[in-house]
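Undergrad: Next up is a structure, given as structure tokens.
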Amino acid sequence: QVPMVESGGGLVQAGGSLRLSCAASGRTFVNSGMGWFRQAPGREREFVAAINWSCTNRYYADSLKGRCSISRDNAKNTVYLQMNSLKPEDTAVYYCAGGPRGSHRAPEYGYWGRGTQVTVSS
């Protein structure tokens with residue numbers, strides 16, 4: 001069983017919006033923090049956003065703050081990333097991850113999805 005599967009990526013024009021979803025198995029989702037990371041070609045994986053289990057804490061990368069929103073539906077074992085005002089530099093593969101708490105640090109996450117491609121054209 002794949003622990004988590006991302007969806008919602010695609011090609012969008014600059015200034016557009018996308019909503020990414022990540023469906024996780026109960027084992028990886030319940031009581032877990034969830035995060036989104038991204039990796040562009042030739043660059044290291046970087047933090048995008050994170051949320052804890054109770055949704056009391058949300059964290060965002062400075063590069064996306066004000067343009068994205070992370071949320072989760074614990075009844076559906078799903079976490080979302082709403083991205084607005086997209087820029088070409090947002091082009092990357094976006095990954096969701098599950099860990100003990102919402103964190104900006106990738107090593108704290110034990111479960112990773114396979115990613116979904118987001119391409120923003122200028």
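Values in this text are rule-based calculations from the coordinates and carry no lab data. The shown structure was predicted, so the numbers you read here are calculated from the model rather than taken from an experiment. In this analysis, Cβ positions are derived from the backbone assuming ideal geometry, glycine residues included, and neighbour counts consider all displayed protein chains.
Undergrad: How high is the relative contact order of the chain, in percent, counting Cα pairs under 8 Å that sit 6 or more residues apart?
TA: Across the chain, relative contact order equals 37 percent.
Undergrad: Can you give the helix-only mean residue ellipticity at 222 nm for the chain, where every DSSP H stretch with n ≥ 4 adds -39500 (n - 2.57) and the sum goes over all residues, rounded to the nearest 500 deg cm²/dmol?
TA: Dividing the helical sum by the residues of the chain leaves -500 deg cm²/dmol.
Undergrad: When the dipole is taken about the Cα centre of the chain, and only Lys, Arg (+1) and Asp, Glu (-1) are charged at their Cβ, what size is it in debye, to the nearest 20?
TA: With only Lys, Arg, Asp and Glu charged at Cβ, the dipole is about 180 debye.
Undergrad: Apply the a/c threshold of 1.5 to the C-alpha gyration tensor of the chain and tell me whether it is rounded, prolate or oblate.
TA: Prolate.
Undergrad: Quickly rank 86-96, 59-69 as a protection proxy: mean count of other C-beta atoms within 10 Å, highest first.
TA: Those peptides, ordered most packed to least, come out 86-96, 59-69.
Undergrad: Amide H neighbours of GLY10 under 5 Å, counting only residues 5+ apart in sequence or on other chains, H built in-plane at 1.01 Å?
TA: Here VAL118, THR119 satisfy the definition.
Undergrad: In the chain, if the dipole is taken from +1 on Lys/Arg beta carbons and -1 on Asp/Glu beta carbons about the Cα centre, which of ALA97, SER71, PHE47 is farthest to the positive end?
TA: SER71
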